[in-house]
1. For helix 14-23, report the angle its Cα long axis makes with the longest principal axis of the Cα atoms of the chain; keep it between 0 and 90° and round to the nearest 10°.
2. Mind checking the angle between helix 180-194 and the chain's longest principal axis? C-alpha axes, 0 to 90 degrees, to the nearest 10.
3. Place a label point 7 angstrom from the Cα of E49 along the Cα-to-Cβ direction, then list the residues of region 145-167 whose backbone nitrogen is under 16 Å away.
4. Using a/c under 1.5 as the rounded threshold, could you call region 1-100 rounded, prolate or oblate? The axes a ≥ b ≥ c are square roots of the C-alpha gyration tensor eigenvalues, and prolate needs a/b larger than b/c, oblate otherwise.
5. Based on the Cβ-Cβ distance of E163 and S107, what FRET efficiency does E = 1/(1 + (r/R0)^6) give at R0 = 35 Å, to the nearest 0.05?
6. Roughly how many Å² is the accessible area per residue of region 62-216, as a whole number, for a 1.4 Å probe?
7. Using alpha carbons only, what's the Rg to Rh ratio of region 35-84 with Rh from Kirkwood?
8. For the chain, just the Cα set please: Rg and Dmax, both in angstrom.
Amino acid sequence: SYRCSKCDKIWSDSGHFHRHVRNCEAGVKHKYGTGTFELRPTVFEALEEEGVFVPLELRPFPFMATYDIECMLKKEVDIHDTAKINYTSKHELASVSVCSNVPGFTSPKCFILPCEGGQKQLVKKFVDYLMKISETSSAILRERYSKYLDQISSERTLQRFEEHITQLPVLSFNGASYDLRILKEFIIPVIIDLDSLKFVIKKSTSYMAIPTATLR
């Protein structure tokens, strides 16, 4: 038997089926087990539903931090070559530079590898510094939104708003394809020790985001 993908009619004869398909004008049907996708209201839209209106000019997140890493090529002898690939060196973390637009942290800061094999120690200083920037950012925003925080009655909305002002955006150039792939061996254990890992977003072998309680 043959089934039309447009209207789901069943045909036993191939000729009749193909004739029908050429002329079928029924729309394509999509079935979603849990319903169609809907955008989640933003935190400010959720506040409006509770009668708390934050002026539009105060809604954009004003702060962010950015970082960049530098690597050194170390002769690699433990990776076996394949029929098509010959491994000669390995990229190893050598330094991390950080800067932000948060008051008190607007000058670039560079963390350099302290000793051979000290990558985890380097990453720990890097993450700890980002958390200090985030703490300052959060304190400024808490004061900025203080009168709105006092108006929120829903515990769930308050928790979401607190999370919004607590998480500092951290950006990098080409970070998903390179920086985070270099850092991943050390940064996940460091985050677990110093902060609270929320989740990890990956696309193939690239790390798109690693949100924590204080960073995103």
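The values are calculated or read from the model by the stated rules, or taken from the named source; none is laboratory data. Computed from a predicted model, the values in this text were never measured in an experiment. Cβ sites come from the backbone with ideal geometry, for glycine too, and all protein chains shown count toward neighbours. When the accessible area is computed, the model is the full protein with side chains, heavy atoms only, and any ligands, DNA or RNA have been set aside. Shrake-Rupley method; radii C 1.70, N 1.55, O 1.52, S 1.80 Å.
1. 70 degrees
2. 70 degrees
3. 152-162
4. Oblate is the answer for region 1-100, as a/c is 1.5 or above yet b/c matches or exceeds a/b.
5. Here the calculated transfer efficiency is 0.80.
6. Averaged over the residues of region 62-216, the accessible area is 60 Å².
7. Taking Rg over the Kirkwood Rh, I get 1.43.
8. 25.9, 77
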